[in-house]
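*Asks:* Starting off with a structure, shown below.
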Amino acid sequence: MTSAIRVKVRLWCVPGQSRAFRQFEDSAMRLMKRYGLKVLSISHGSHPDEPDEVHEIWAPTAQAFEAYLADGDLAAMSALRQQSIARTEVIVTPLKDQPLA
């Protein structure tokens, strides 16, 4: 059985690019649905050293998440991503035999 994964994405936005960031984020979240990915939560940082946003995402398999990352439509948004996101950290955690809650 292939295990689901939880992905934590920590994002630091480029100052002054919140509109571009929202545009990228909205498009990326629509694209995630193609692969069965689900956004569990979005939190916002309150300190300059913290990321501006942290997304918790559930994926049915690591392969589904990798397919999302390799999607041509996501690649086509790379200029918007570079314009709006200064730094990204991704942490993947396997969820053994745990379906989406």
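The values are calculated or read from the model by the stated rules, or taken from the named source; none is laboratory data. Only a predicted model underlies this, so the values are computations on that prediction, with no experimental measurement involved. No Cβ is skipped: glycine too gets one built from the backbone with ideal geometry, and neighbour counts run over all protein chains shown.
*Asks:* Could you tell me which numbered condition M32 fails, if it satisfies all but one of (1) touching an Asp or Glu at 6+ places or on another chain (Cβ under 6 Å); (2) modelled with pLDDT of 95 or more; (3) surrounded by 14 or more Cβ atoms within 10 Å (Cβ to Cβ)?
*Replies:* All conditions pass for M32, except number (1).
*Asks:* Here's something else I'd like to know. Restricting to the range 56-82, what's the tally of residues that are touching a Phe, Trp or Tyr at 6+ places or on another chain (Cβ under 7 Å) and over 15 Å from V7 (Cβ atoms)?
*Replies:* 3
*Asks:* Which of the residues that make up the range 41-55 are surrounded by 14 or more Cβ atoms within 10 Å (Cβ to Cβ) and within 12 Å of the chain's Cα centre (by Cα)?
*Replies:* Within the range 41-55, the first condition is being surrounded by 14 or more Cβ atoms within 10 Å (Cβ to Cβ), and the residues that meet it are 42, 45, 51-55.
Hits for the range 41-55 are I42, E53, V54, H55.
*Asks:* Does A101 qualify as being among the small types (G, A, S) and at pLDDT 95 or above? Talk me through it step by step, then tell me what you get.
*Replies:* Numbers: among the small types (G, A, S): yes; at pLDDT 95 or above: no.
Taking the combined requirement at face value, the residue does not satisfy it.
*Asks:* Of all residues in the range 56-96, which are within 13 Å of the chain's Cα centre (by Cα) and touching a residue at least 60 places away in the same chain (Cβ under 8 Å)?
*Replies:* F65, I85, R87, T88, E89, V90, I91, V92 - these are the residues of the range 56-96 that are within 13 Å of the chain's Cα centre (by Cα) and touching a residue at least 60 places away in the same chain (Cβ under 8 Å).
*Asks:* Do you know which residues across the range 28-44 are charged (D, E, K, R), in contact with a helix residue (DSSP H, G or I) (Cβ under 8 Å, 6 or more places away or on another chain) and not in a strand (DSSP E or B)?
*Replies:* R34
*Asks:* Cβ-Cβ under 9 Å, sequence separation 6+ or interchain: first residue in the range 33-55 and closer than 19 Å to I5 by Cβ, partner aliphatic (A, V, I, L, M) and in a loop (DSSP other than H, G, I, E, B). Which pairs?
*Replies:* If the second residue must be aliphatic (A, V, I, L, M) and in a loop (DSSP other than H, G, I, E, B), the pairs left are K38/L100; L40/L100; L40/A101.
*Asks:* Looking only at the range 68-88, decide whether some residue is in contact with a strand residue (DSSP E or B) (Cβ under 7 Å, 6 or more places away or on another chain) and among the aliphatic types (A, V, I, L, M).
*Replies:* To start, the set of residues in the range 68-88 that are in contact with a strand residue (DSSP E or B) (Cβ under 7 Å, 6 or more places away or on another chain) comprises 84-88.
Checking which are among the aliphatic types (A, V, I, L, M) leaves us with 85-86.
Yes; the residues of the range 68-88 include at least one that is in contact with a strand residue (DSSP E or B) (Cβ under 7 Å, 6 or more places away or on another chain) and among the aliphatic types (A, V, I, L, M).
*Asks:* If I ask for residues that are surrounded by 15 or more Cβ atoms within 10 Å (Cβ to Cβ) and either part of a strand (DSSP E or B) or free of Cβ contacts under 8 Å to residues at least 40 places away in the same chain (or both), which ones from the range 1-24 would you list? Can you show your working first?
*Replies:* Going through the range 1-24, the residues surrounded by 15 or more Cβ atoms within 10 Å (Cβ to Cβ) turn out to be 4-14, 17, 20-21, 23-24.
If the condition is that a residue be surrounded by 15 or more Cβ atoms within 10 Å (Cβ to Cβ) and either part of a strand (DSSP E or B) or free of Cβ contacts under 8 Å to residues at least 40 places away in the same chain (or both), then A4, I5, R6, V7, K8, V9, R10, L11, W12, C13 are the ones that fit.
Residue-wise test of (1) at pLDDT below 95; (2) in a strand (DSSP E or B).
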{"position": "W58", "(1), (2)": "no, yes"}
{"position": "F65", "(1), (2)": "no, no"}
{"position": "D73", "(1), (2)": "no, no"}
{"position": "A79", "(1), (2)": "no, no"}
{"position": "Q83", "(1), (2)": "no, no"}
{"position": "A86", "(1), (2)": "no, yes"}
{"position": "V90", "(1), (2)": "no, yes"}
{"position": "D97", "(1), (2)": "yes, no"}
